[in-house]
Structure formats: structure tokens, C-alpha cells
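The values are calculated or read from the model by the stated rules, or taken from the named source; none is laboratory data. What you are looking at is a predicted structure, and each value in this text was computed from that prediction instead of being measured. Please note: Cβ atoms are built from the backbone with ideal geometry, for glycine as well, and neighbour counts cover all protein chains shown. Quick note on the areas: whole protein, heavy atoms, side chains included, nothing else; ligands and nucleic acids left out. Shrake-Rupley method; radii C 1.70, N 1.55, O 1.52, S 1.80 Å.
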Amino acid sequence: MAPLVQAHAAPVGGFWRESLRAVCARLEAPVSGLSGSAAAHRLDRYGPNLLRSRPEPALARRLLSRFRNPLVVLLVAASALAAVTGDVTSCVVITTIVLLSVVLDSVQEHRADRAAEQLRRSVAVRVTALRDGGRVELPVADLVPGDVVLLCAGDLVPADARVLAARDCFVNQALLTGEPYPVEKHAVEEGEPDVELAGASGAVFMGTSVVSGTASVLVCRTGAGTALGEIGAALAAKPPPTAFEIGTRNFGLLILRLAMLMVLFVILVNTVRHRPWLESFLFAVALAVGLTPELLPMIVSVTLSRGALRMATKRVIVKRLAAIHDLGSMNVLCTDKTGTLTEARIRLERHLDPAGRSSQRTLELAYVNSVFESGLKSPLDEAILRHGEIDVRGWEKRDEVPFDFERRRVSVLAAHGRVRLLVVKGALEDILQLSTRYEGDGPHDLRALDAAARQELLGRFEGLGREGYRVLGVAWKPMPPAARRASRTDEVDLVFTGFACFEDPPKASAAVALRALAASGVSVKILTGDNEIVTQHLCAELGLPVAGVLTGAELQRLGDQALGAKVGGTTLFCRVTPPQKNRIILALKRRGHVVGYLGDGINDAPSLHSADVGISVDSGVDVAKEVADLILLERDLGVLHDGVVEGRRTFGNIMKYIMMATSSNFGNMFSMAAASLVLPFLPMLPTQVLLNNLLYDVSEIPIPMDRVDDVYIRRPHRWDMTFIRNFMLAVGPVSSVFDFLTFYVMLHVFRAGEALFHTGWFIESLATQVLVIFVIRTRGSPFRSRSSRLLATTSLAVVATAVLLPFTPLGVGLGFVAPPAAFFLILAAMVVVYLAGVELVKRWFYRRVPVAAA
């Protein structure tokens, strides 16, 4: 049996150079498609059709990966040293705490990743293939060499393939070749032996996109064996980190630096004071662990994944978890109007001649153009075809110049007997510019389109726009009887035949959603190819205030700096092209805005990629869905607003953990380091510090499930290291003050020895660390903002554990002793005063912090 093409090896030569018959024979691939069993066998043998086939790590591998953490390695080494020196208790406790922390982190993250992956798969790009003699929908990853795939406009090409049949199929392959214009693809039976990849007209390549037409193709190479896969390390490498990932990493590094400085300080002090080196070393390491936010990756993963699950219930699917933060931070949403602000139930309401009279001739030519167009049918084409059945049996299609977003028109070369007409339909201004004549009282009454006539037609167009109609121009041109091909150069000297007028009523829910977004601090900007008159009419019906209007022609004359000055105060960008949409988004980002873009078409891919958060819809084309970060299962701004709220709620819970790690936690660890200067013994044993840290971490686990105040989700928030640092400097010292007060009480009131001191401070530090979450978790009053039941239960249970532990055999083994009853009375009073003090400092802090930063 001839070997199949290796799916995951670098391809040799070019499959497009062989004859089509030789390729089919080598792949053992019938043009009717593979059987399901044969495809399954090939999938097992050659793997999934993915550029990077990187399976989700097993739980055991995830556990082992945690031991690459330098602090975990340090703890394991410390445990081994304790065992060697005979300190079995410390060895067992340290080992147990390390294992519990690692297992907890790994299991939670594993569960979160599985949930997120299931959501991503639910919106994975699918293709239509021939299997077992019929059409089936398959995930792209399931394609194998030998599959026959059907492509149409808007599809991503899922693998490298030979074209079996094509009709007006144009492909954008700029990703691979840099060509600015789409190239036509067609079947080449004998191959193209002297042609390189860029010129292979009989082959399509993974990652390119179909702009217009249809094709059936035979998959020849998949996965890493494709031309795209050969690009190599640049694609195989991990994508650059997002702003959210950079923020979490910078925060972790900040805390880690503080921890390392504290470790060196403690070791130096204890060395000078001639304390046992092993105990001092273990204490310093324990302090570093206590200060380091080792739960941060787990908290972030679980919180984002739970946010993704909640957003799924709101009909929003998250493809990139960090995009949840970006959605919550978004303060500008750019969107088209069709289907978002309107019902997307476009109707052809009127078909008029140049004089404004109802015209069957205009309808017939528009219908001929739409019915023979082979590209992706636009909603306007579908409205024309729905409007009325036109008898096209006498018409035959000869050729087509497909629609593109620069020309904004489509031309069809059609024959009716010996008559050849180039029928053109598109943006009215462009059609008029290309026309030199217009129909008067019929197709035989052709009149010169002079300046006065042109002005009259434009006035009629503007009047229709003020009535809320979207208008296309319809024109034609006689062609030679023998004409078989048409090109862009033929689109001149046209005869204008009339107006096609469409109506798309505003969506009932759009006005409510626009008001909700505005109340949430998100301004909506409309980027549309439609004219400004129709768009302003729609905004008036929806109650959307229009601060400014900029057309594509005006935008073209502006440099980047001038555009940046105008973009913030402009609501409507009309008659703009896809590259201009991209310029608008980049200009907004340069002005410091967090920009979302909602789009579902072929032309939206660059803008979706440039935006901070790209949003598409489940009904969008593959190119848009592949690039987007979020997928809306309903094209509704109300659904998107729900997603914004969930994004802010998710980020709010992450910030709660950040605030804890930078305030009370830092204060307690700083107090321990400072105490080692004045106490004749270590302020807490290393194992006790680690246990304190473990119990504290347990209390923080329910944070992803906590409620978030309504006031927090009313405006966008972004990662702000200055705000976090200032909060730490404001609140952290309060914790240290009460720690030093505890030292005084234990030493001068209770005359505590080493064991009682350790016990008293263990209970006080854990109680204050854990209970302060109820103060820090809200900007408002802790009594008005209720936490989730799970967070409250877990926190109180951890504090109860700390109080009861000294009265148990385990506590005795850890070096604790039972405190006197008076201690608990003083402790209760200190905790109440501490929490009240933090509340006062918190209110003072938020009064001084700008609202946008909080």
C-alpha cells in the first residue's frame, strides 16, 4: 500500500506539481470522500489537524510541574535538611504542607482548564466534508489526508489541499505570500510542475481564507506538515502575553523580590544573634512562602474559568480566558449596525428608476446580479431574492467580478440570447461615479449623466436615506456578444438603471442595551460602510446621542495624529473600509482606551485582531470566529452587556485576592521579620509559619465564588500596579501595628514564654489575616455588602481551627500550648479594633484615590 502523506512531518516538494490523478492514487482517496472507518484509522495514525498538537497535561504531570517553582524546591530541600538533622516533626509538617498546597493548586487548575476547554470546543471552527458518500460537519482537528472538503466564501482553508472543482473561487493568501489581492483558484488536472507555492492556482493552503465563490478540495497535508506549519518556531512558540498576564506576572515578581529581601534580612539578623542556622534558614524560607502569592495562579485560573462558565449561561463563549479581564476593562465598543442595532431582517421595500418611480427593470437586473453571484450572499442579496421570484430562465451566467470591500460592488456578466450585459450592483456613490448615462423612460431611452442629472440623483439618494432606507445602485453595460470574461477594467461607462431601497428596522432591545452600556461606562461607536444619513436616522430612533460624524473620505485625508485627536469625540464612522476600521481601533488604543470590536464578516478579521477584545457571533464566518476572543451565541448588545458585567465581576474577585496578598499578608510577614530583631527567640517556628500560610490559603479558595458589589461593576477597571502598591502601603502597616501590640500583650501582660508566644501570635495573625477579607472585599460597608455563604463559612472555620488547634494533640506536636481564657477576650477586642482600623484606613484611601483607578 502506498504510504500516505505524513501529516506531522515537513512536506517534501509540492503536491500541486503532481497530476491530480497521481495525488488521488497516492493518498488512496476517492473524490467521493473517505469512509468513516478509514478516516478514523488515519486520524489515529497521523494525529489531529493542529499546528501545535499539545494535549492537556495530565493531573500527575501538572503536579510534577509545580515542583519547578523555586520556593517549592527550597521547601523540599529544607524538609530534607530537617530530616538529616533529626528534626522529624519539621520534616513531616513541611512535606505535608507542600503536598497539600501543590495538590490543591493542581486539582483546582486542572478542573478549571477542563471546563474552559469544553467551552472553547463548543465554538470550534467546523468544516463540511464528504464522508460515507454524504456531507458531514467536522471539527477542523478531525480532518485527515484524503478527506474531500467543501469550501465557500467566509471559510478558513483548514489544510493544504488540491482543488477538485471551483466556481469563481477567490482566496486571500496574504498570510503566506503577502499578496494584497485575492487570487483565483481552479482545478488543474495535470499539475503545475514549474510553479512555486505563491503561484499555485490549483491548490489552497491552511490558514488562508475564501473571499468569494465555492470549491471542493482534496486534503493533502494537515497539521505541522502544512505550509503554515513549516513557518516553524514563530508559530510553535507561545503567543506573547496579554496585558492581564503581564500584570499578574509583574505583581508576582514584586512580591517575590520583597520575599527575597526579607529572607536575606532574617538570615543576616539570626546569624548575627548566633541562633541555630537550620532553624533560622527554615524560618526565613517559611516567611518567603507566607509572603509569596503561591495561590495566585490557581485563584486566577479558577476565577477566570468560573467567569467563563457564568458567561456561557449568558450566551457568551470565552475562547481566551484573559479576555474576560479585557471585556471588563473595555470602555469603548466599536460595532457595525446591521444585526446589532437592527433586526437584520432586511427587506427590499422599493425598487425605483432614476426618476423615483417603481421599476420592474431595476428589480430584474438586481435579481440577476444577486442570483448569479457565487460569493457569500449578503443580507441585501438575500432580501432581493426573497422579494419576488423573477423569471431568469432566459439568462445565463458567463463570468463574475466578485465583491470586495475596496470596490464595494459585484459585477456579473450575463447573457440573454445574443445580448451580453455586465450587471453591476453596489454602493450608490461608486456606481454613479462609474456611470456616464442613465435610463430615462426605459432601457432604450438612455440619457447623458451630466452634472445636473448627477446632482438630482444624489439628492434623491439623500432623501431616501433620511427616510431610513439603505440604498444600492444598479447599473449595466453592454458587452460584445462573444464576451466570456469580465474584469474590473470593464466597470466603466455604465448605464445607471435605478435604486434598490432596503429597510432594516431597529432592534427593540438595542435601545435598552445602549443605555445599559452607557450607564456602565462603555461608549458605543458605530463603524459602518453605510452612509451617514441612514446611520444618523437609526441613532435617532434608538436614542443614541451622536457626538460627531466622520466619513471614510474625510478619514482618508487625516494622518494618524489628526485621527487620534478626533476619534474620541466621534460616534459615527460611516462609509469606511476595513483598513479604515482598523485605523480607528488603533487610534483609540493609542489614546489609552480599552477597545472592543464586534464583527462577524470576512472583512472584520483585522479589526478583531487589533482590538483589545475581539467579539464575534456564532453565525459569523470562520475567519472572524477564529480570530475573535469571545463568541456571542446571540447577536445582541444586551447579551454583550451581560458579558461586560461578568467580566468585571470576575476581575473584581481576582483583585480581592491581590488586595489581601498586598496588605494584611504583607503586614504579618513584615512583623515576623521585624520581631526577629528584638525577640530572644524566633517569633514563630518555621512549621507554624507554614501551617499559618496553608490555613490562610484554604480560607481564600472560595474567593472566585464570592459576590461583587454592584457599584464595582458600574464602570470599567484595569490592572493598575500603582493602585495596588498604594493600597499595600496604606493598609499593610495597620496589620503590623496590631502584630506589635500582640507582642506587647504576650510579653508584658501574660509574661509568655516561647511556646505561649508562638501560640498567641499564631492565633492572632491568622484571625486578623482571614477576617480582614470581609473588610477588604468591598469598597463600601462590610455590613451592607454580604459575602458568599461559602466564603463566610470557610473563613470562620479556619479561624475556629486556629483557636482550637492548641487544645489538640496535633497542636501540642506542633509546639503550641493552651492559652489562658483571658487571652481570648483580649484577642476578640483586638480583632474588632483591628478590623475597625482597617475599615477607617480603607475609607480614607478610597476618598483620596481617583474613581477611575479604584
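Screening segment 507-596 for helices (runs of 4 or more DSSP H) wholly inside it with 3 or more residues that are more than 28 Å from the chain's Cα centre (by Cα) returns the ranges 532-542, 552-556.
Residue pairs whose Cβ atoms lie under 9 Å apart, separated by 6 or more positions or on different chains, with the first residue in segment 563-578 and within 23 Å of His537 (Cβ to Cβ) and aromatic (Phe, Trp, Tyr) and the second open to solvent by less than 10 Å² (accessible area, probe 1.4 Å) and in a loop (DSSP other than H, G, I, E, B), are Phe573/Thr528.
Restricted to segment 362-382, and to residues there that are of a type in the set (Gly, Ala, Ser) and assigned to a loop (DSSP other than H, G, I, E, B), the residue that is surrounded by the fewest Cβ atoms within 10 Å (Cβ to Cβ) is Ser378. Every condition in (1) under 39 Å from the mean Cα position of the chain (by Cα); (2) within 15 Å of Gly837 (Cα to Cα); (3) open to solvent by 50 Å² or more (accessible area, probe 1.4 Å) is met by Phe727 except one, and the failing one is (3). For segment 796-829, a residue qualifies if it is assigned to a helix (DSSP H, G or I) and in contact with a Ser or Thr (Cβ under 7 Å, 6 or more places away or on another chain), and the qualifying residues are Val798, Pro806, Gly813. Return a yes/no flag: does segment 516-523 have any residue that is touching a helix residue (DSSP H, G or I) at 6+ places or on another chain (Cβ under 6 Å) and at positive phi. Within segment 516-523, not a single residue is touching a helix residue (DSSP H, G or I) at 6+ places or on another chain (Cβ under 6 Å) and at positive phi. Residue count for segment 698-711 under the criterion of being assigned to a helix (DSSP H, G or I) and surrounded by 20 or more Cβ atoms within 10 Å (Cβ to Cβ): the result is 4. Would you say Arg45 is surrounded by fewer than 17 Cβ atoms within 10 Å (Cβ to Cβ) and modelled with pLDDT under 65? Against the criterion (surrounded by fewer than 17 Cβ atoms within 10 Å (Cβ to Cβ) and modelled with pLDDT under 65), Arg45 does not qualify.
Selection of segment 147-167 for residues being β-branched (Val, Ile, Thr) and either assigned to a strand (DSSP E or B) or open to solvent by 30 Å² or more (accessible area, probe 1.4 Å) (or both) yields Val148, Val149, Val163. Does Leu413 satisfy the criteria of being over 39 Å from the mean Cα position of the chain (by Cα), aliphatic (A, V, I, L, M) and surrounded by fewer than 21 Cβ atoms within 10 Å (Cβ to Cβ)? When the stated conditions are applied, Leu413 does not pass them. Taking segment 712-756 as the range and being of a type in the set (Lys, Arg), in a helix (DSSP H, G or I) and under 22 Å from Pro782 (Cβ atoms) as the test, only Arg714 passes. Of all residues in segment 470-504, those satisfying the criterion of being open to solvent by 10 Å² or more (accessible area, probe 1.4 Å), among the hydrophobic types (A, V, I, L, M, F, W, C) and over 46 Å from the mean Cα position of the chain (by Cα) are Met479, Ala482, Ala483. Would you point out which residue out of Thr759, Thr793 is under 24 Å from Thr650 (Cβ atoms), outside any loop (DSSP other than H, G, I, E, B) and touching a Pro at 6+ places or on another chain (Cβ under 9 Å)? Within the list Thr759, Thr793, the selection yields Thr793. For segment 297-329, the candidate set comprises residues that are over 23 Å from Val522 (Cβ atoms) and open to solvent by less than 10 Å² (accessible area, probe 1.4 Å); within that set, the residue that is modelled with the lowest pLDDT is Met298. For segment 387-397, the criterion of being open to solvent by 40 Å² or more (accessible area, probe 1.4 Å) and over 24 Å from Pro481 (Cα atoms) is satisfied by at least one residue. From the list Val639, Val621, Val698, the lone residue that is in contact with a strand residue (DSSP E or B) (Cβ under 9 Å, 6 or more places away or on another chain) and either modelled with pLDDT of 80 or more or polar (S, T, N, Q) (or both) is Val639. The residues of segment 477-495 that are of a type in the set (A, V, I, L, M) and either closer than 11 Å to Arg437 by Cα or assigned to a loop (DSSP other than H, G, I, E, B) (or both), listed by number, are Ala482, Ala483, Ala486, Val492, Leu494, Val495.
Rundown of residues vs (1) under 30 Å from Ala486 (Cβ atoms); (2) acidic (Asp, Glu); (3) touching a strand residue (DSSP E or B) at 6+ places or on another chain (Cβ under 9 Å), yes/no style:
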residue: Val302; (1), (2), (3): no, no, no
residue: Gly307; (1), (2), (3): no, no, yes
residue: Ile317; (1), (2), (3): no, no, yes
residue: Asp326; (1), (2), (3): no, yes, yes
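If you go through segment 552-576 and keep only what is polar (S, T, N, Q) and open to solvent by 30 Å² or more (accessible area, probe 1.4 Å), you end up with Gln556, Gln561. Residue count for segment 506-527, restricted to those that are without any contact (Cβ under 8 Å) to a residue 24 or more places away in the chain and open to solvent by less than 40 Å² (accessible area, probe 1.4 Å): 0. Given the structure, is Thr535 of a type in the set (S, T, N, Q), open to solvent by less than 10 Å² (accessible area, probe 1.4 Å), touching a Leu at 6+ places or on another chain (Cβ under 8 Å) and closer than 27 Å to Gly614 by Cβ? It is true that Thr535 is of a type in the set (S, T, N, Q), open to solvent by less than 10 Å² (accessible area, probe 1.4 Å), touching a Leu at 6+ places or on another chain (Cβ under 8 Å) and closer than 27 Å to Gly614 by Cβ. The residues of segment 416-431 that are touching a Lys or Arg at 6+ places or on another chain (Cβ under 6 Å) and farther than 12 Å from Glu400 by Cα, listed by number, are Gly426, Ala427, Asp430.
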